[in-house]
Structures are given as C-alpha cells and as structure tokens.
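Asker: Have a look at the structure that comes next, please.
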Amino acid sequence: MTDIVYLNGDYIEKSSAKISVLDRGFLFGDGIYEVIPVYKSSPFRLAEHIERLNYCANAIGLNSPHDLAQWQSIIDTVIEKNGGGHLSIYLQLTRGVEQQRQHDFPENTPLTVLVMANPLSPAIAKLSAIKTTLLDDIRWQNCHIKSISLLGNILLHQQAKALGYQEAILHREGIITEGSTTNVFLVKNNEIYTPPKSHHILGGITRELIIEFCQQLSIVVHQQQITIDDIYQADEVWLASSSREISPVTQINDKIIATGAIGPTTQKVHKAFQAFKQSLMTQGS
Ligand code: PDD
C-alpha cells in the first residue's frame, strides 16, 4: 500500500492530495524533483539526493524549505505511513501558487512541497538485458538540473518505446550524453568509460556510486567523451539510475553489443552494488 503523501505539511491520502491550477509546477513545469530508492525502509544515499536537490534549487533560484534532518523526518514518516519495505520516494518542489499566471517569479510565495512513495520493483536487483535506440538529444542546455519539465525526456523515451526499444541513448552531434532517464557506461578492454559531468547530463547518484565501486574493485574509470562509434564498438554497455540500478544494454538499434551477452564487468559491478545494499540492510536490521 503506497497511498499516503506529504503535501505542504500534511500527511494525507493520495486521492485527496490536490494542488491549485495556479501552481507554477502545473503551469510552467517550474520546479525540481528527486527520486530516492528505499531499501528495507531506509532511504538510500539520502544525503547525496538532498545535496543535489539543494544544488538544483539554487540553480533555479529556490531556497529548499528544509534541512537534511527535516527532509529525513518527512521521508521516514512517508515510508512508515506507506508500510515500509522497498519503495521509491518521489520528492518535488515547485515555485508555489501565484495570484494569476504570469512569467515573473512571484515574491514571498511558499513553495509547494510534495513527497510520495511508489513501489520499488524487486526485479531491479536482477540484471536484465535491454535493447536501446540512439536518438538525437533534443533537450535544453541545462540537463544537469533535475527539472520537472521533462517533456524532452518523455518524448524521447516514448519514441524509443514506439520503435520497440526499452530506453533511448541520447547524443548531441554524435557525442553520447545520457539515457532519457539514465546515465550511460561502457566497457572497453576491461576499463570503464562514462560521459563527464556537464550541463548536458544529470549527475546521477547511481553514477557516482558505480564510480566508487569501480575504484574499490581497481577498475579504471574514464570520465570522458564517448562517441556513437565508441558505444557501437564497446565490449559492454549499461545504463544506471536510482529506479533501474544497473541495466545491461545488449543491443543498440540493430547492432548487438559484443557477443550479446551480459558481460563480466557489468556482473562484477552489479555484484558490488548488491553486496553494498545488503550490508546497509543488515546494519539497519
Ligand atoms: N531519473 N539521467 C536522467 C535524465 C535521469 O532522469 C536520471 C534519473 C538519471 C540517473 O540519476 P540517479 O542515479 O540519481 O537516479 C540520469 C529518475 C530515476 C527519474 O526521473 O525517475
């Protein structure tokens, strides 16, 4: 059961949670969000998610209304009220409700704060290969901001789905940026490559974690430009995010990646990821 949400100070039934038609999130997509996985009732990498929330708030001229401890308390309450276990927390901040629709930022308007829980599929802990397509990254120039204005992302994701693929890998003039909802990694000669952080990609929390695991496993990680040719010639490719963890990519358009099997480096990093999660869950119990 995931039916209680936090909205502007209250914990209420999702079905009775309502926002005004004058909310700037609704009118302009003027807001930011976070998706935080919860394993065994414990938010995963919460401090990092709240740090990114603060960074994004700052980037669009918002002041996050809560500090880490307050967010933790709200999120823990939402988790508890929704029965705990494995969940995905969705946290959204918008620039609030104004008197009438106008482009100028409103003054002294409280932000709209929403925290809700969705089920987190246990299947994400298993490696399951996906097929992807390459699409032109038509989004704006500030993809490092986790904006709720996701029209570019969802149109690209839908285009991939319509073509029979599970996710789109995006590129700008032949340089790979990220997936429509994920960061991209490839393996070549036992070393890992991922696009560097820039305004063209979201700095994923999962991306950082994977880089940490690779360091622990003594696998070299290059944060450098990847071309379309590089990705087609890779030994292994995977996508990463808080809601997918690690998704091995075995096909891009008609091209089978290497042998078409889930590669050994993907499996090694995935194993480290699961062991780390397990150790946190054991500590917490
Ligand atoms: N998406 N790049 C994009 C465009 C994303 O939307 C996401 C996550 C990521 C990975 O970020 P992280 O590892 O912090 O989840 C990269 C979330 C899960 C979503 O929109 O639902």
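Asker: Given a 10 angstrom Cα cut-off, can you work out which residue in His199, His157, His49 is the most mobile in a GNM of the chain?
Answerer: It is His199.
Asker: Sticking with this structure for a sec: Order by neighbour count: Thr182, Thr227, fewest other Cβ atoms within 10 Å first, most last. Can you show the working numbers first?
Answerer: Details: Thr182 27, Thr227 13.
Starting with the residue having the fewest Cβ neighbours, the order is Thr227, Thr182.
Asker: Counting other Cβ atoms within 10 Å of each Cβ, which trypsin sites (Lys or Arg not before Pro) in the range 136-185 have at most 11 and sit in a DSSP loop?
Answerer: The qualifying sites: there are none.
Asker: Tally Lys and Arg at +1 and Asp and Glu at -1 over the other residues with C-beta under 10 Å from the C-beta of Ile130: what net charge comes out? Each step should come with its number before you reach the end.
Answerer: Numbers: positive: Lys131, Arg244; negative: Glu167.
Around Ile130, the surrounding residues sum to +1.
Asker: Name the most mobile residue of Leu127, Leu53, Leu163, meaning the one with the largest mean-square fluctuation, in a Gaussian network model of the chain with Cα contacts below 10 Å.
Answerer: Highest fluctuation among the options: Leu163.
Asker: Loop-only GluC sites (Glu not before Pro) in the range 152-232, please: DSSP not H, G, I, E or B, and at most 11 other Cβ atoms within 10 Å.
Answerer: Values: sites: Glu167, Glu173, Glu178, Glu191, Glu208, Glu212; in loops: Glu173.
For GluC sites (Glu not before Pro) across the range 152-232 that sit outside H, G, I, E and B with at most 11 neighbouring Cβ atoms in 10 Å, the list reads Glu173.
Asker: What do you get for GluC sites (Glu not before Pro) in the range 51-119 restricted to DSSP loop and a cutoff of at most 12 other Cβ within 10 Å of the site's Cβ? Before the final figure, lay out each step's value.
Answerer: Working: sites: Glu51, Glu80, Glu98, Glu107; in loops: Glu98, Glu107.
Answer by residue number: Glu107.
Asker: Using Cβ counts within 10 Å as a stand-in for footprinting exposure, how do Ser42, Ser121, Ser15 rank, fewest first?
Answerer: Numbers: Ser42 18, Ser121 12, Ser15 8.
In order of increasing Cβ crowding within 10 Å: Ser15, Ser121, Ser42.
Asker: So which aspartates and glutamates pass the test for Lys268, namely a Cα distance under 15 Å, with those fewer than 8 places away in the same chain ruled out?
Answerer: Reachable aspartates and glutamates: Glu191, Glu212, Asp235, Glu236, Glu245.
Asker: Okay, moving on. Pairs Lys14/Lys131; Lys255/Lys277; Lys18/Lys81: which exceed 23 Å Cα-Cα? List each step's numbers first, then the result.
Answerer: On the way: Lys14/Lys131 34 Å; Lys255/Lys277 33 Å; Lys18/Lys81 19 Å.
In this structure, Lys14/Lys131; Lys255/Lys277 exceed 23 Å between Cα atoms.
Asker: What is the magnitude of the charge dipole of the chain about its Cα centre, with +1 placed on the Cβ of each Lys and Arg, -1 on the Cβ of each Asp and Glu, and no other charges, expressed in debye to the nearest 20? Let's see the in-between values first.
Answerer: Numbers: 23 positive and 28 negative charges, 109 e Å.
The dipole of the chain has a size of about 520 debye.
Asker: Now for a different question. Mind checking the dipole of the range 18-71: about its Cα centre, +1 per Lys or Arg Cβ, -1 per Asp or Glu Cβ, Debye to the nearest 20? Please list the in-between numbers first.
Answerer: Values: 5 positive and 6 negative charges, 36 e Å.
Value, rounded to 20: 180 debye.
Asker: Okay, next question. Over the chain, what is the relative contact order in percent, taking alpha-carbon pairs closer than 8 angstrom and at least six residues apart?
Answerer: Values: 540 pairs, mean separation 50.3, N = 285.
For the chain, the relative contact order is 18 percent.
Asker: Further, regarding this structure: Got a sec? How would Val184, Val97 order by Cβ neighbour count within 10 Å, fewest to most? Write down the numbers at each step before the final one.
Answerer: Values: Val184 26, Val97 20.
Ordered by Cβ neighbours within 10 Å, fewest first: Val97, Val184.
Asker: Applying the Karplus parametrisation 6.51 cos²θ - 1.76 cosθ + 1.60 with θ = phi - 60° to the phi angles of the range 128-137, what ³J(HN,Hα) value in whole Hz is obtained for each residue in order, glycine and proline being reported as x?
Answerer: Calculated HN-Hα couplings, in order: 9, 5, 10, 10, 10, 10, 9, 10, 5, 6 Hz.
Asker: Additional query: Under a Cβ-only charge scheme (Lys and Arg +1, Asp and Glu -1), can you give me the dipole magnitude of the range 161-276 about the Cα centre, in debye to the nearest 20?
Answerer: On the way: 9 positive and 12 negative charges, 41 e Å.
So the magnitude is around 200 debye.
Asker: Now a separate question. Per DSSP H run of n ≥ 4, the term is -39500 (n - 2.57); total these for the chain, divide by its residue number, and report the mean residue ellipticity at 222 nm rounded to 500 deg cm²/dmol. Present the calculation step by step, with values, prior to reporting the outcome.
Answerer: Values: 7 runs with 83 residues, N = 285.
That comes out to -9000 deg cm²/dmol.
Values quoted throughout were computed directly from the atomic coordinates according to the rules given, and no laboratory measurement underlies them. In this text, all values refer to a predicted model and were calculated from it rather than measured experimentally. We place every Cβ from the backbone using ideal geometry, glycine too, and count neighbours over all the protein chains shown.
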